[in-house]
Every structure is written in C-alpha cells, then in structure tokens.
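Enquirer: Mind having a look at this structure? Questions to follow.
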Amino acid sequence: MTPKIDIPAHEHGAIRVFSLSMSDDAARAFKDDAAQLVEMLGVPVDADHIEVFALSDLEGVGLAGYLSDGHAVPDAELTPDRIKLDKMGGWVMIVYSRAFNGAATTLAPAPALTLIGTYGTPGTNWQATETITSEAAKPYSAPPETVKKRPSDAAMSGRIAMIVLIGLALFTWLFIWIAG
C-alpha cells in the first residue's frame, strides 16, 4: 500500500508513476472508468489527465524513455530510477499535476497502487537569450516633436468671410438703431 501523498496547491509539471497490482482484464476495465480512478486515488480527479496503459505497449522505448522523450522529464531525474523503470512489467498509471485542477489535496491510494516515483518537467525559460538592439526595441522616452501646421487657404477664407459677415450684421444693426 502506498502511503498518503500530499499534493500542494497550484502544483505544475509533476508526473506521478504508479504500478497497478491487478489482472490485465481489471486494468483494461479500470483504464476507461473515471469513477474507478477516483476510487483508486481516494480524491476527485480530472480523468483526462491520467493515463493507464500496459508497459508492453512501450516495447522498444521503455517507461524511462517514454517519460524522457514523451514528457521531457530530465535525465538527471530519471537516472536514480532508470533501471527500475525499464525492468517494470504489467500496467502503470501516470497522474499529471493537472489532474488535481490546482487544488491542494491528499491522495489516499488504494492498495492496488504503488507509487514508483514523482518526476518533474522543466518549466519554460522566458529569459531572452540575446539582447535586441534594433531601433524599434529602444525605450520610448519623449513624444515626437509636433510641427504646427499652417491653416489651409480655405480655412483662412472661411475666417475672413465670418469676420465680414459679423461686420455687416453690426453695421445693419447700427442703421436700424439710428433709424428707429
């Protein structure tokens, strides 16, 4: 029996490998039954992030190769368990961190599950490998100088016409006031 396993909140990139101590028929049935997965792990999980398969399906690759090549688990993490992983037979269950939906939980695996190991995948390195020196990459420090545009001839004509019309209106009002 595997002891209880604490899963921290927001765990990312961990892969847990369990061996299954059950017959081939039981393992095949277990593989497609989400309710049984929950029962075997002792907590609600997202079955879409759990794999159950026969190790004979990995012939020529082996479980260590599957984890290394298929899931980018670093060789340094696999080296202590490589012989054990490659010698295993029967069925395995691989549980990815995403199966827990970011929640902290404690697994209480059934006696038919034996934890073989927990392996981490490297996170993405978001650091730039070189400095960008193009003009577009330089920091923006000041707004570009604005050049005051000269008003167009049409705008100037409109302004002059408006002044003349206002002058005529005042002149007309003056004549009406004097006459009245």
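The values are calculated or read from the model by the stated rules, or taken from the named source; none is laboratory data. Everything numeric in this text was worked out from a predicted model, so none of it was measured. Cβ sites come from the backbone with ideal geometry, for glycine too, and all protein chains shown count toward neighbours. Areas reflect the complete protein model, heavy atoms only, side chains present, ligands, DNA and RNA absent. Shrake-Rupley method; radii C 1.70, N 1.55, O 1.52, S 1.80 Å.
Enquirer: In the stretch 31-46, how many are in contact (Cβ under 8 Å) with a residue 60 or more places away in the chain and open to solvent by less than 20 Å² (accessible area, probe 1.4 Å)?
Expert: 2
Enquirer: Moving to a separate point now. From the list Ala154, Ala161, Ala128, Ala179, pick out the single residue that is more than 30 Å from Ala14 (Cβ to Cβ) and either surrounded by 10 or more Cβ atoms within 10 Å (Cβ to Cβ) or at pLDDT below 75 (or both).
Expert: Exactly one residue qualifies, and that residue is Ala161.
Enquirer: Limited to the stretch 1-30, what total is found for residues that are surrounded by 13 or more Cβ atoms within 10 Å (Cβ to Cβ), among the charged types (D, E, K, R) and closer than 23 Å to Met88 by Cβ?
Expert: The qualifying residues number 2.
Enquirer: In the stretch 89-113, what residues are under 17 Å from Lys31 (Cβ atoms) and either open to solvent by less than 20 Å² (accessible area, probe 1.4 Å) or not hydroxyl-bearing (Ser, Thr, Tyr) (or both)?
Expert: Gly89, Gly90, Trp91, Val92, Met93, Ile94, Val95, Ala99, Pro109, Ala110, Ala112, Leu113
Enquirer: Of the residues in the stretch 57-87, how many are within 29 Å of the chain's Cα centre (by Cα), hydrophobic (A, V, I, L, M, F, W, C) and open to solvent by less than 50 Å² (accessible area, probe 1.4 Å)?
Expert: Summing the residues that are within 29 Å of the chain's Cα centre (by Cα), hydrophobic (A, V, I, L, M, F, W, C) and open to solvent by less than 50 Å² (accessible area, probe 1.4 Å) in the stretch 57-87 gives 6.
Enquirer: Any idea which of Thr118, Thr124, Thr131, Thr105 is more than 25 Å from the chain's Cα centre (by Cα) and not charged (D, E, K, R)?
Expert: Thr131
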